Amino acid sequence: MCGVFIDREKLSSRYVPSQLPHRDAQLRTLEELLSDVVGGEAETPRVIQLVGPTGTGKTSSVYLLHRRLTARGGEHLFIYLNLRIEGSTPFLLFSTLYERLTGHPASRSLSAQEVLRKFLRALRERRKPALIVLDEVEYHAKGSLSSVIYTLTRLQEMEVDALQVATLFVARSLSWLKLLDPAERSSLGNIVISYPPYTREQLFDILLYRASEAFRDGAVGEDIVQWLADYTYTYMASDVRRALDTLFYAGILAEQEGSSKVMLDHVLKALRNLDAFIAPADVQRLSPYEQAVLYSALKLMEFSSKPYVRLSELWEKFLVVIEQVGLDALKLEEFEDIVQRLVDMGALLTEGPARIAPAPSINLEVVEASLKSLRYSYPWELAGDADASGRL
Ligand SMILES: Nc1ncnc2c1ncn2[C@@H]1O[C@H](COP(=O)(O)OP(=O)(O)OP(=O)(O)O)[C@@H](O)[C@H]1O
Ligand SMILES: [Mg+2]
């Protein structure tokens, strides 16, 4: 029995395929808009927005663009940041930019503005065109971070006009612009590349292509792909990521049953299981504050005799955790918003208004490991009461 997969990793969200069917127009426009920057001939820094709903290929097309430009000999620096994860403060954002560029962390004794200046200096010293990608900008466009946007889009006014820099802002909708003030908005310019939701037919082509890379010949019939394309279009807002997760899970279920084909029943079971809870791999995609809430809930559950924690207990634990890991304090309403978001995405479950439990699909180790990997926000060596195992 040889299973249904050739390479299941080809369905993971980390994998960027060598083609993105039905995104040729967007990729072509991006390449045209960036050719003078990458060629070292742009007169001003370029600012481009990529806008479209979730799972429409924005992030993948940025990576594919980078790969194609490199293959064509367009040597450039590529700096990618996800603001949901790395943008909760200007310091975190600039120090991550700096570290991605230089490979060294910035000193925590510097201010955010000082780190930005160091970043610009390091950029100039490298004398190479740079592509800076700020993904999921809607998460941190408010307050102090809007000054970050302002700075990055006005590089030429900061005596750095010789820099060949393109900044790509990636957002789910144009409504993130409402969070900015008029000057910031105008500094972004109006080059917008739109990623509309895929049609049924487009989803069919995309899923067929992705299935052909991941599964053995004949393991997933076209009827299954058609069914999933219809379902994704009708019930999952054309989100390809969810369709691929479903295919992945259905494949695992087929293998567990020793079946050489993925059947509709496997897909249905996968949908039932996936819809409910967040997958462990998605924990890394959560913001530091979201991870801290989840961590607090899991930690409380360790010693709880009940299958849930109370919102008030969670809030108190959360305050301790964020202080230990060096995140700025939040207001209660902001904490409640985060809890609600985690409930919406299936990372927390609620039973009654004030009783909360972490989703059974995640455990403390996963969240702890992910929190630790966010080095800048978590100066573990400073955390006073970590126990011998290094845990909080
Ligand atoms: N046209 C396509 N062809 C093949 N795979 C695709 C295509 N569009 C999206 N995908 C796949 O779907 C998944 C989601 O795509 P991606 O992460 O680029 O979406 P996104 O627009 O950045 O979504 P989000 O706003 O949620 O971050 C990825 O695994 C990607 O490889
Ligand atoms: Mg994305």
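The values are calculated or read from the model by the stated rules, or taken from the named source; none is laboratory data. Given the structure is predicted, the values throughout are model-derived calculations rather than measurements. Every residue, glycine among them, receives a Cβ derived from its backbone with ideal geometry; neighbour counts consider all protein chains shown. Surface areas here come from the heavy atoms of the whole protein model, side chains and all, with no ligands, DNA or RNA. Shrake-Rupley method; radii C 1.70, N 1.55, O 1.52, S 1.80 Å.
Collect the residues in segment 224-247 that are part of a helix (DSSP H, G or I), open to solvent by 70 Å² or more (accessible area, probe 1.4 Å) and in contact (Cβ under 8 Å) with a residue 24 or more places away in the chain, keeping them in residue-number order.
Hits for segment 224-247 are Trp227, Tyr233, Arg241, Arg242.
Under 8 Å by Cβ, and 6 or more places apart or on different chains, what pairs join a residue from segment 197-213 that is of a type in the set (Phe, Trp, Tyr) with one that is in a helix (DSSP H, G or I)?
If the second residue must be in a helix (DSSP H, G or I), the pairs left are Tyr198/Ile206; Tyr198/Tyr233; Tyr198/Val240; Phe204/Val225; Phe204/Gln226; Phe204/Ala229.
Given (1) more than 20 Å from the chain's Cα centre (by Cα); (2) crowded, with 16+ Cβ neighbours inside 10 Å; (3) outside any loop (DSSP other than H, G, I, E, B), where does Gly3 come up short, assuming only one miss?
Only one criterion in (1) more than 20 Å from the chain's Cα centre (by Cα); (2) crowded, with 16+ Cβ neighbours inside 10 Å; (3) outside any loop (DSSP other than H, G, I, E, B) is unmet by Gly3, namely (3).
Report yes if some residue within segment 55-68 is within 16 Å of ligand 1 (Cβ to nearest atom), among the hydrophobic types (A, V, I, L, M, F, W, C) and in contact with an Asp or Glu (Cβ under 7 Å, 6 or more places away or on another chain); otherwise report no.
Among the residues of segment 55-68, at least one is within 16 Å of ligand 1 (Cβ to nearest atom), among the hydrophobic types (A, V, I, L, M, F, W, C) and in contact with an Asp or Glu (Cβ under 7 Å, 6 or more places away or on another chain), which makes the answer yes.
Could you please give the count of residues in segment 328-348 that are open to solvent by less than 20 Å² (accessible area, probe 1.4 Å), closer than 18 Å to Gln284 by Cβ and not in a strand (DSSP E or B)?
So the count comes out to 4.
Give the residue that is least open to solvent (accessible area, probe 1.4 Å), with candidates limited to residues of segment 202-217 that are of a type in the set (Asp, Glu) and assigned to a helix (DSSP H, G or I).
Step one: of segment 202-217, the residues of a type in the set (Asp, Glu) are 205, 213, 217.
Retained after the next criterion (residues that are assigned to a helix (DSSP H, G or I)): 205, 213.
On the way: Asp205: 68, Glu213: 40 Å².
My answer is Glu213.
Is it the case that some residue within segment 93-108 is within 16 Å of ligand 2 (Cβ to nearest atom), open to solvent by less than 20 Å² (accessible area, probe 1.4 Å) and in the same structural domain as Val170 (by TED's automatic domain parsing)?
Looking for residues that are within 16 Å of ligand 2 (Cβ to nearest atom), open to solvent by less than 20 Å² (accessible area, probe 1.4 Å) and in the same structural domain as Val170 (by TED's automatic domain parsing), one finds none in segment 93-108, hence no.
Within segment 6-25, how many residues are open to solvent by 20 Å² or more (accessible area, probe 1.4 Å) and not in a loop (DSSP other than H, G, I, E, B)?
So the count comes out to 5.
Counting just the residues of segment 44-68 that are without any contact (Cβ under 8 Å) to a residue 60 or more places away in the chain and away from ligand 2 (no atom under 15 Å from the Cβ), which one comes out surrounded by the fewest Cβ atoms within 10 Å (Cβ to Cβ)?
Arg67
I'm checking my understanding of the structure. Among residues of segment 69-85 that are assigned to a helix (DSSP H, G or I) and more than 13 Å from the chain's Cα centre (by Cα), which one is farthest from ligand 2 (Cβ to nearest atom)? Walk me through it before giving the result.
Within segment 69-85, the subset assigned to a helix (DSSP H, G or I) is 69-71, 83-85.
Cutting the leftovers down to more than 13 Å from the chain's Cα centre (by Cα) gives us 69-71.
Values: Leu69: 19, Thr70: 20, Ala71: 22 Å.
The qualifying residue farthest from ligand 2 (Cβ to nearest atom) is Ala71.
Report yes if some residue within segment 296-311 is within 16 Å of ligand 2 (Cβ to nearest atom), part of a helix (DSSP H, G or I) and either modelled with pLDDT of 95 or more or not aromatic (Phe, Trp, Tyr) (or both); otherwise report no.
No, segment 296-311 has no match at all.
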